[in-house]
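The values are calculated or read from the model by the stated rules, or taken from the named source; none is laboratory data. All values reported here derive from a predicted model rather than from experimental measurement. Using ideal geometry, Cβ is built from the backbone for each residue, glycine included, and neighbour counts are taken over all protein chains shown.
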Amino acid sequence: MIKAESGFTFIQLIVVLLIVSVLLFFAYPMIPALFERMESHTTRKHLHEAIRLAKIESYSRGKDVIICAMNSENECSRSAQERFVVFVDNDRDNRLGAKDYIISSESLYLKHGIIKMNASLSRNYMKFMGDTGKPRGNYGNIKYCTLSKNNNNNFQIVINTHGVVTERQGHLYRIEC
């Protein structure tokens, strides 16, 4: 009795490889756009959470809390890709120092975009006051700008004097980067 071998024939293997290669050929141009959209979405969530946390912590602790984008030199910067920090400004010098307490430090590792902060009086941070939890005199906006020409993934988070947060999305508004 002859035993039949189980497995794929050469023709079946070629057909499967052909189908997979055609699918990859059409899907490949969409992969960078997918990564860009995912980075924009997660960055938006991290920034909203940092603002919410700064409001709550400043009021509950009764101390000024600062949010800022950190550059590679570990300083607050108006544009950065490394991380976003929320800290209690114990020494009241408006910069992260040895006496300050870090509430949250979110590493961003942005590859497809950059964060730009536009705070009042050209500051590179936003401060939430300890007596009210509001950014009295420290209003402004935080933008995420993609490095590509696709403006659909850009967004702008606006914080007004009363601490009200609104968002403008790139596919609905023209956001200047």
Out of the residues in the range 119-132 meeting the condition of being touching a Ser or Thr at 6+ places or on another chain (Cβ under 7 Å) and closer than 25 Å to Thr42 by Cα, tell me which one is surrounded by the most Cβ atoms within 10 Å (Cβ to Cβ). Phe128
Determine which single condition Lys127 fails, assuming it passes every other condition in (1) part of a strand (DSSP E or B); (2) of a type outside the set (A, V, I, L, M); (3) free of Cβ contacts under 8 Å to residues at least 60 places away in the same chain. (3)
Cβ contacts < 6 Å: first residue over 15 Å from Ser104 (Cβ atoms), restricted to the range 64-75; second residue part of a strand (DSSP E or B) and at pLDDT below 90, any location; separation 6+ or different chain. Result? Asn71/Ala80
Restrict the check to the range 38-55 and report whether at least one residue is basic (Lys, Arg) and in contact with a helix residue (DSSP H, G or I) (Cβ under 9 Å, 6 or more places away or on another chain). no
Which numbered condition Gly163 fails, given (1) at pLDDT 95 or above; (2) in contact with a Pro (Cβ under 8 Å, 6 or more places away or on another chain): (1)
What tally of residues in the range 110-125 results from selecting those that are within 19 Å of Gly140 (Cβ to Cβ) and within 14 Å of the chain's Cα centre (by Cα)? 5
Is there a residue in the range 33-48 that is of a type in the set (A, V, I, L, M), farther than 28 Å from Lys143 by Cα and either out of contact with any Phe, Trp or Tyr (no Cβ under 6 Å at 6 or more places or on another chain) or free of Cβ contacts under 8 Å to residues at least 12 places away in the same chain (or both)? no
Among Asn90, Asn154, Asn150, which is on the phi < 0 side of the Ramachandran plot and at pLDDT below 90? Asn150
Positions within the range 127-146 being over 17 Å from Arg168 (Cβ atoms) and either of a type outside the set (Ser, Thr, Tyr) or at pLDDT 95 or above (or both), in sequence order: Lys127, Phe128, Met129, Gly130, Asp131, Gly133, Lys134, Pro135, Arg136, Gly137, Asn138
